[in-house]
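Laboratory data are not the source of any read-out in this text; all were calculated from the coordinates shown. Predicted, not measured: the structure shown is a model, and the values here were computed from it. Reconstructed Cβ throughout: ideal geometry from the backbone, glycine too, with neighbour counts over all protein chains shown.
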Amino acid sequence: MQKNDLKARFAEAILPDILNDWELEELIEPLLPLSEEQLGETLRQVRVIWPVSHSLCGNFLQRVAEGLRCLAPDQLADWVKAVLDAYESGGLLAGQALLDEVEKNFLCRLRGETKVRFPEAAGSLAPYATGLFGSPVALAQGPEVYTDTATIFLPPELDLLPTRTDNFRLYKLTISFQWAFTTLGTFRPSLAEAAPLVKGLEQCAHRRLATAEPWLAEFFQLFPSPEQAERLYHLAETARAAAFLRAALPGLMRECAPLLGLLAEKVLSGNHNLLYSALQESILGHKPDSAPASAAASLALLADAYAALAAGETIPAPLPFQGVLRLAAVQEVRQKRRREAKAKFITALASLLGTKNAQIPLSAEKNQETATPKISEGQALLINPEKQKKRPGSPPPSARETTSFLTIDDTLLPLPRELQALAREINDDLGHVPAQYISSAMHLSGKGVARGAPPPGEEGEALGGVNIYDEWDFRRRDFRKNWCSLSLKEIAPTRGTFIGSTLAKYGGDLMKLRRQFEMLRTQERFVKRQKEGDDIDLDALTESLTDLRAGLAPSENLFIRLAREQRSVAALFLVDLSSSTEGWVGTAIKEALVLLCESLAALGDPYGIYGFSGMRRSRAELFHIKHLDEPYNDTVKGRIAAIAPREYTRMGPPIRHLTRILSEREAKIRLLITISDGKPEDYDGYKGDYAIEDTRHALIEAKSKGIHPFCITIDRQAHDYIAHMYGEVNYIFINEVRKLPRRIPEIYRTLTT
Amino acid sequence: MRGKELKIEEHLIVDKPFYLEQGEELPIARAAHENGLPILLKGPTGCGKSRFMQRLAWELQRPLITVSCHDDLSTSDLVGRYLIRGGEAVWLDGPLTKAVRNGALCYLDEIVEARKDTTVVIHPLADDRRELPIEKLGELLTAPPEFMLAISYNPGYQSVLKDLKQSTRQRFVSLEFAYPPEELETAIVKSESGLDAERATRLVRLAAMTRSLKDSGLPEGASTRLLIHAGKLIKAGIAERTAIRATITETLTDEHEMLAALEELVSSLF
């Protein structure tokens, strides 16, 4: 291969970047020994990596010759894909790690016959865990197996067993065991049940447990070696969990019996301590009776086993599916849940009380002080259904009634369902709903927090935080994960003459448009000559009788039917605010929006308007002009008047965001209409084919969610790319900018009928 | 329409339908019937609303006329219409009119599916007037004391388009149906499918697991009806896992990963 020829091909591959001759020479040096086929594929991959990271591309070139020694050229793309994924999630070092030692880090994974990696398994294991737990549980990878009851931490990969199926089963078994621990109360044994044992230990250790709410970790502190005590307890609990799972999930335990045996033998055999062999028997299911019956029994078992421990004897390592106990983490989650439940309960109750207060007609609307403390603390009380039952004389509530009531001034106030659930949750945790919660809520409602309006937004103020979106890289045929961040911003409305002058300018058109749109409002019409219908079609009947007399075959379509088509349309307009719309294009777009809003006000379809712009992937911006259900009022008019050109046109993220908004909306027709003046383009590499393909993919995603994308463009070159992006019939090209305002409402009308 | 008409006697339920009470719905419904009040049954699909109506009709010894509502159901579909027969206009009673004339129970299943303007015809029937005006005949029917109106809907859809109007729902005595508690559901599955208690329990447990996946990827959990289907297939000699795949997992979702997860749950239990 000629060096110069290769240099030229390489330079072409990294266009539009241009490198010095000596830089090129250095880069292509490792490629010289490659065959033509390998070289072609390598250069194809260079086009993929180069725009992402130059230094990563350099590393790739260094390693590619070595990689091609064990990879076929057509496997190169998979390798690069994996490297780029690693780069985007873990930075340059992670990418390089995958490039180094291709054999160890990539190829064996590609072959990967036995190993199961967490990300592959998580897709189906996460719903499995949620199904078992009965409420959403997160799965995460971590160095140790444990659960804090909200998340289950699992190893990043499993390769302990000889087959892939078994390794997957081990994941499943691990989750099931963590579920068993949570359900059986391993983390919260009743220390009261084990009172004599606790007392004895307290005497030995010369210290006492905290009386208020003794926690398991403190109990272990009573032993000379808390760590060993904890491990023994966990082992006993594992036996109990195994017995429980055998009853609850017989299929799982049957499938896993061989691998359970394999694992338990590895860890427990060779120990002659009686406890271990008993536990081993029960984990394996030989003698299920030997498992402790309750957490308290496990505590007792632990005390015996601890006493029997020989000096210096080590306790076997935990079984892989058993994991470790992380009591601190469990406690933390519990505390967090308690705090959250408390905060939620207080705000929900406060807003309930707030609305109740608001219903009391008071002249002193401005004077908050007199409006609020209608309820004094002692008068409010939360009644639990159980307590209500115990009350003498009151009629017994039905078995299915689970309603909680709040009494205020001796009147019963039924709680909404959400609040009831919260109260129940708190009750389960603490045994009662503390009076302090209720008094805080009353205090809060007094401040009118629930009724308070958010402060008015300033120019460009961020709303609702940042949304992260993937971006489609067509060269890789895969997403760049979490690539763009899109922030939702507010446009500060301005007052001016714009709206007024637009209305005056298009007065005649508006009258016509409004009439047309009003006609669309209810589509009720009588359809004549139907086989079935609400009423008899007299014309058809007369004709049919005449035909009969005349000896002809009479028609059977004799009825009138009232056909009603309820409009069910939701539309979002996405307006290009790039700097190229400066001047009369921008004005035409604004005028078009005014006409559109005026016409749609006559129709009543829910619609929203958003503008988009931004610069670079880290700062794509979506400007809120009108939400779907926001009324068309002076604020919205002010925002339209305030629309001004901004920066670049990164179309993918705003389309993905609006797709998400629309897909949550229920309507028969969901429209996403883009009004644009040119190609998608951004300051960084977002241009040309890349930008068009990403936009196209975002639109395909929208279509797959049942949303119809449509584009209105005034770009003269649009024909080159827009059909490819939107599909042949899903766009319209308006060649004269001044026609835009009149055309847009018309287009909307034709699209939705 | 010109086929043979079902006679009202054919709507009578002769054999006692199997129904296990969840709460006090039967006494409430009987009391509502005595006092001429209409009832509204709320609850997820396949939890026993229709079976409850059959049982109620059997206990009251009244015919039961069920109308499954759909989005094209018009007022004439309920009240009746003129047909042309041999050159003459003949009036044909709709199911609602037929029920009123005969003092039957009229059950409008999934009422929210019907158009909103259709729902309004039941208003005068559902309050203390208990009347059904038939405009085209110029007739005003007054319902006999035996007549009872019942409607059902599934609040789980949570769709703005398909919510029941306040003016409609505030005329009814509401009975909430949920999936029955574990023991009760086991008894139902056992009795309906003829399966042994042990396997019925496991089916019910599986259902509870799928129900907790609602909103985490499944639109709805397995209903009691699905469990009965599964039980019947198992009883007929189909292998457990195969039967459950056919009746429950594949019915609930098409999504690949969710299917795999459900399969894992099934293989854990069976």
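Summarising the label geometry, the points placed 7 Å from Cα in the beta-carbon direction at B:E257 and A:K703 lie 2.4 nm from one another. To the nearest ten degrees, helix B:256-269 and the longest principal axis of the Cα atoms of chain B are 70 degrees apart.
For the pair B:R85 and B:E24, the difference between a 0.36 nm per residue extended length and the Cα-Cα distance amounts to 17.1 nm.
Counting 0.36 nm for each residue step from A:E37 to A:R207 and taking away their Cα separation leaves a gain of 53.5 nm.
Remark: mean inter-chain Cβ contacts per residue of A:129-138 equal 5, using a 10 Å Cβ-Cβ cutoff to other protein chain atoms.
Loop only by DSSP, 12 or fewer other Cβ within 10 Å of the Cβ. Give me the GluC sites (Glu not before Pro) in region A:652-695 that pass, ordered by residue number.
The qualifying sites are A:E664.
Label positions at A:E736 and B:D15, each projected 7 Å from the Cα along the C-beta direction, are separated by 7.8 nm.
Can you work out the FRET efficiency for the pair A:S663 and A:R564, with r the C-beta to C-beta distance and R0 = 30 Å, to the nearest 0.05? Working from the Cβ atoms, E equals 0.65. Fewest neighbouring Cβ atoms within 10 Å first, the residues A:L628, A:L593 line up as A:L628, A:L593. Taking label positions 7 Å along the Cα-Cβ direction at both A:K199 and B:D215, the computed distance is 4.6 nm, reported to one decimal. For the residues of A:345-351, the average number of beta carbons from a partner chain within 10 Å of their own beta carbon is 0. Between A:A421 and A:D17, the FRET efficiency from the beta-carbon distance, with R0 = 51 Å, is close to 0.30. In whole Å, what is the distance between the alpha-carbon centres of region B:104-130 and region A:701-753? One Cα centre to the other: 44 Å.
Helical runs (DSSP H, four residues minimum) scored at -39500 (n - 2.57) apiece and divided by the length of chain B put the mean residue ellipticity at 222 nm at -11000 deg cm²/dmol. Separation of region A:467-505 and region A:6-48, taken as the distance between their Cα centroids, equals 38 angstrom. Stretched out straight at 0.36 nm per residue, the stretch from A:S294 to A:S555 would grow longer than its current Cα-Cα span by 85.9 nm. When both region A:513-580 and region A:184-209 are represented by their alpha-carbon centers, they are found 79 Å apart.
Quick one: of B:K16/B:K49; A:K489/A:K687; B:K7/B:K42; A:K489/A:K637, which pairs are farther than 22 Å apart, Cα to Cα? A:K489/A:K687; B:K7/B:K42, as the Cα separations exceed 22 Å there. Between A:A602 and A:T750, the FRET efficiency from the beta-carbon distance, with R0 = 22 Å, is close to 0.85.
About its Cα centre, the dipole of region B:7-176 is roughly 80 debye, where the only charges are +1 on Lys and Arg Cβ and -1 on Asp and Glu Cβ.
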